Structure formats: C-alpha cells, structure tokens
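As structure tokens, the structure follows; a few thoughts come after it.
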Amino acid sequence: AECDVHEASSELPVTIYRPSVVVGNSQTGWARRFLGVYQVLRWIDRGQLTALPCRADFELDIVPADYVAEAIVTLAGLSESAGKTFHLTAGNGNRLPLEDERSTARRLRSCMPRDTANSQPMAGLTP
C-alpha cells in the first residue's frame, strides 16, 4: 500500500504515519475495542499465557490513541511534512519492559477498555 501512496506523491502531497501499538486514551484508558495487545495482557494476567515468544529484554512500544491523533493533526498541518514518513512511537526510555509480564499487565490496567454498562474494568486485572 505504501508503494501506491509513494507513486501518488508525484501528483498529491502525501505523508505516511506509522504508529506503534495504539492503545486507549492517555488520560482515561478508554478504548473502543478490546483487541490485539489487550487480549495478550488478559491471558497473561489470568495465567493462561506464561511465556512470550520474544527475548527476555523485549520492550513493548505502545502509544495512546490521543497522542497518535494529535501528532497526525499537527504534522498534517505542516507543509514540510509532505513526502515524508513519520514513526509515531513511545521512543527510547518510554517502552515497557516485559521482564515480568504480569506486573506489566497490571501497569497497563489504565489502558484496558471499560465495560460502559457498569464502568468496571473488563480485563479483571487487580492493582
């Protein structure tokens, strides 16, 4: 798809945005859907997943949805952004180490979507 976008760049001012793993709102933790990284964290917390197929020093690079949206709006307003590719990531020092997956799952509790009917965390994580 990016090849097609680059081809169109001779006729249109295009910019490519590559966000990392996008999670809920940075302030509230609210997320519209419960997919991807959330499901893995749920399995870890429940003890259904005891190991991950990655190096012991792996770090999870996640970014809140509002951060990604704000970055795209800001960059899209800059004429010098045209023709460039931006990686929207947490960056060095902001990634979450997966040394202890269960504690990382608990630390990410605020990113878990909530059941809007009773405002309880859907993941069942304990602080």
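The values are calculated or read from the model by the stated rules, or taken from the named source; none is laboratory data. Computed from a predicted structure; not experimentally measured. Glycine also receives a Cβ, built like all others from the backbone with ideal geometry; neighbour counts cover every protein chain displayed. Each accessible area value is taken on the protein alone, full model and side chains, heavy atoms only, with ligands, DNA and RNA left out. Shrake-Rupley method; radii C 1.70, N 1.55, O 1.52, S 1.80 Å.
Looking at (1) at pLDDT 90 or above; (2) not in a helix (DSSP H, G or I), which one does Asp57 not meet, given that it meets all the others? Here Asp57 meets the rest and fails (1). Please specify each residue of region 1-33 satisfying the condition of being open to solvent by less than 100 Å² (accessible area, probe 1.4 Å), in contact with a Pro (Cβ under 9 Å, 6 or more places away or on another chain) and part of a loop (DSSP other than H, G, I, E, B). Passing the criteria: Gly24, Asn25, Ser26, Gly29, Ala31. When Leu41 is tested against (1) open to solvent by 50 Å² or more (accessible area, probe 1.4 Å); (2) outside any loop (DSSP other than H, G, I, E, B); (3) in contact with a helix residue (DSSP H, G or I) (Cβ under 9 Å, 6 or more places away or on another chain), only condition (1) is not met. For region 63-85, does any single residue satisfy the condition of being charged (D, E, K, R) and touching a helix residue (DSSP H, G or I) at 6+ places or on another chain (Cβ under 6 Å)? Looking for residues that are charged (D, E, K, R) and touching a helix residue (DSSP H, G or I) at 6+ places or on another chain (Cβ under 6 Å), one finds none in region 63-85, hence no. Scanning region 1-28 for residues that are out of contact with any strand residue (DSSP E or B) (no Cβ under 7 Å at 6 or more places or on another chain) and under 30 Å from Leu98 (Cβ atoms) returns Ala1, Gln27, Thr28. Could you please tell me which pairs satisfy a Cβ distance under 9 Å, a separation of 6+ or placement on different chains, a first residue in region 72-84 that is touching a residue at least 12 places away in the same chain (Cβ under 8 Å), and a second residue that is of a type in the set (Lys, Arg)? Note: pairs meeting the criteria are Leu75/Lys84.
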